[in-house]
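Structure, as structure tokens:
The values are calculated or read from the model by the stated rules, or taken from the named source; none is laboratory data. Treat the numbers as computed from the prediction; the structure is a model and nothing was measured. Heads up, the Cβs are rebuilt from the backbone with ideal geometry, glycines too, and the neighbour counts pull from every protein chain shown.
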């Protein structure tokens, strides 16, 4: 069930009752999605619009754009291509996230790229110091997720590097969120959208945010669009319409099993 403050524009901080003065610091609302599910992106776009209409939305932080790119400084009537250029949008289907982004831009709210730049991923893979940011049990959770995400086809020798990339990406998103929270007005909300694994309280962005903000850790509310039993730790599970998708693992297995030089004979 959705918490009341998601539905009532004036009540956008956890635990705030009607008539209570707004003196609390900014809060962080994290949405964990499945990237190929349009109803999930639609719901987040609606949440952006509702928060912006209430005047409480301070920033939108995205996994889908890389730091340090953002829309700050663009006019509210900026075109979609202008916004995409400002965010240096690449690799993600724009049509799925256009409403999330443009609802913020139209309201004059900055959209902040937060993902680790892909040019830094190779460096992250080799950076053993990242291992120390999480304990062994938490890294084991990420390693299992990496195996599942790569259809159990990833060579074991590559797993530590891929886990480091996950850690580096989560830390990058936490750093951008922390900066947005520090500059946000009291009582406002910073909304962050990322994959569900990234926002899980036991392994993702919330852990790194606690380190980044030390004693000033904000109130956080983690929402995931999934049913219980997936192992993720969230404050709220929100239903969403499921859109069937092609099994990417089956497709990958077929490609790997195909003769390697089918085009070489042409």
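Being surrounded by 15 or more Cβ atoms within 10 Å (Cβ to Cβ), modelled with pLDDT of 95 or more and touching a helix residue (DSSP H, G or I) at 6+ places or on another chain (Cβ under 8 Å) is a description that applies to residue 98.
Within region 200-213, can one find any residue that is within 15 Å of the chain's Cα centre (by Cα), in contact (Cβ under 8 Å) with a residue 12 or more places away in the chain and more than 22 Å from residue 146 (Cβ to Cβ)? No, there is no match, as no residue in region 200-213 is within 15 Å of the chain's Cα centre (by Cα), in contact (Cβ under 8 Å) with a residue 12 or more places away in the chain and more than 22 Å from residue 146 (Cβ to Cβ).
Would you confirm whether or not region 76-86 contains a residue that is touching a residue at least 24 places away in the same chain (Cβ under 8 Å), crowded, with 19+ Cβ neighbours inside 10 Å, in contact with a helix residue (DSSP H, G or I) (Cβ under 6 Å, 6 or more places away or on another chain) and outside any loop (DSSP other than H, G, I, E, B)? Yes, there is a match, as at least one residue in region 76-86 is touching a residue at least 24 places away in the same chain (Cβ under 8 Å), crowded, with 19+ Cβ neighbours inside 10 Å, in contact with a helix residue (DSSP H, G or I) (Cβ under 6 Å, 6 or more places away or on another chain) and outside any loop (DSSP other than H, G, I, E, B). Under the condition of being in a helix (DSSP H, G or I) and either surrounded by fewer than 16 Cβ atoms within 10 Å (Cβ to Cβ) or in contact (Cβ under 8 Å) with a residue 60 or more places away in the chain (or both), the residues counted in region 127-146 number 12.
In the set 250, 212, 246, only one residue is surrounded by 12 or more Cβ atoms within 10 Å (Cβ to Cβ) and either at negative phi or modelled with pLDDT of 95 or more (or both); that residue is 212.
Just a yes or no: is a residue in region 58-68 closer than 20 Å to residue 179 by Cα, at pLDDT 95 or above and more than 18 Å from the chain's Cα centre (by Cα)?
no
Does residue 59 qualify as being out of contact with any helix residue (DSSP H, G or I) (no Cβ under 7 Å at 6 or more places or on another chain) and buried (at least 19 other Cβ atoms within 10 Å of the Cβ)? No.
Of 174, 194, 157, all but one fail to be buried (at least 24 other Cβ atoms within 10 Å of the Cβ) and out of contact with any strand residue (DSSP E or B) (no Cβ under 6 Å at 6 or more places or on another chain); the exception is 174. Among 91, 113, which is under 30 Å from residue 247 (Cα atoms), touching a strand residue (DSSP E or B) at 6+ places or on another chain (Cβ under 9 Å) and assigned to a loop (DSSP other than H, G, I, E, B)? Every option except 91 fails the conditions.
Among the residues of region 215-241, those identified as over 16 Å from residue 27 (Cβ atoms), surrounded by 11 or more Cβ atoms within 10 Å (Cβ to Cβ) and under 19 Å from the mean Cα position of the chain (by Cα) are 224, 225, 226, 230, 231, 232, 233, 237, 238, 239, 240. Quick check on region 23-37: of everything there that is out of contact with any strand residue (DSSP E or B) (no Cβ under 8 Å at 6 or more places or on another chain) and surrounded by 14 or more Cβ atoms within 10 Å (Cβ to Cβ), which residue is modelled with the lowest pLDDT? The qualifying residue modelled with the lowest pLDDT is 24.
If you filter region 151-185 down to residues that are at pLDDT below 95 and in a loop (DSSP other than H, G, I, E, B), you find that the one that is farthest from the chain's Cα centre (by Cα) is 155.
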